[in-house]
Amino acid sequence: MLFLLLLIPFVSASADYDVQIVTQYLQTYGYLTHDNKTVSSIGVGGNSSSFQEALIKFQDFFRIEATGELDNETITIMKKPRCGVKDYPQSFTLYDTKWKKNKLGWKFVYGNQQDKSIAEKCFAEWARHTNMTFLWMKGSLILL
């Protein structure tokens, strides 16, 4: 009987923590896609390869030992309060649509000629790498 009492503290952390809660957390913060969300395929121990890959990605992100196992250190980090912004967003577009405008007007409300010059260089560099055109506007800003 004494032997069993000594083993209880060494039970895996994942046995005490609900795999569905962890799966939801990994989906919420971009580690597990909704394509891989079927908890039934993960099983009681959280053994699917996509689940383990998501855990490893999470552990790497938070710079803890990336074992792919649901250990105490991983659970402790997951229990900390945080905002709802994903660590790994699936897409940087809203509603899977592309912005149709490619000419943007800009101006400074406050600033001097040096500020304007710096902004012009930044916009020129941005335009070099995209199909965007940035135009300095004296009046009100408009999308062209």
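The values are calculated or read from the model by the stated rules, or taken from the named source; none is laboratory data. Owing to the predicted nature of the structure, the values given are computational and were not obtained by experimental measurement. Positions of Cβ are backbone-derived with ideal geometry, glycine not excepted, and every protein chain shown enters the neighbour counts.
Selection over the range 37-52 of residues that are at pLDDT 50 or above and touching an Asp or Glu at 6+ places or on another chain (Cβ under 9 Å) gives a count of 2. Only one of the numbered conditions (1) of a type in the set (Ser, Thr, Tyr); (2) modelled with pLDDT under 85; (3) more than 30 Å from residue 26 (Cβ to Cβ) is not met by residue 91, and that is (3). Pairs meeting the criteria (first residue in the range 62-79 and among the polar types (S, T, N, Q), second residue in a helix (DSSP H, G or I), beta carbons under 8 Å, at least 6 apart or on different chains) are 67/55; 67/56; 67/59; 72/13; 74/13; 74/55; 74/58; 74/59.
Based on what the data block shows, is residue 55 closer than 25 Å to residue 18 by Cβ, at pLDDT 70 or above and part of a helix (DSSP H, G or I)? Show your work before the answer.
Working: closer than 25 Å to residue 18 by Cβ: yes; at pLDDT 70 or above: yes; part of a helix (DSSP H, G or I): yes.
It is true that residue 55 is closer than 25 Å to residue 18 by Cβ, at pLDDT 70 or above and part of a helix (DSSP H, G or I).
Note on the range 102-124: residues that are modelled with pLDDT under 85 and loosely packed, with under 10 Cβ neighbours inside 10 Å amount to 2.
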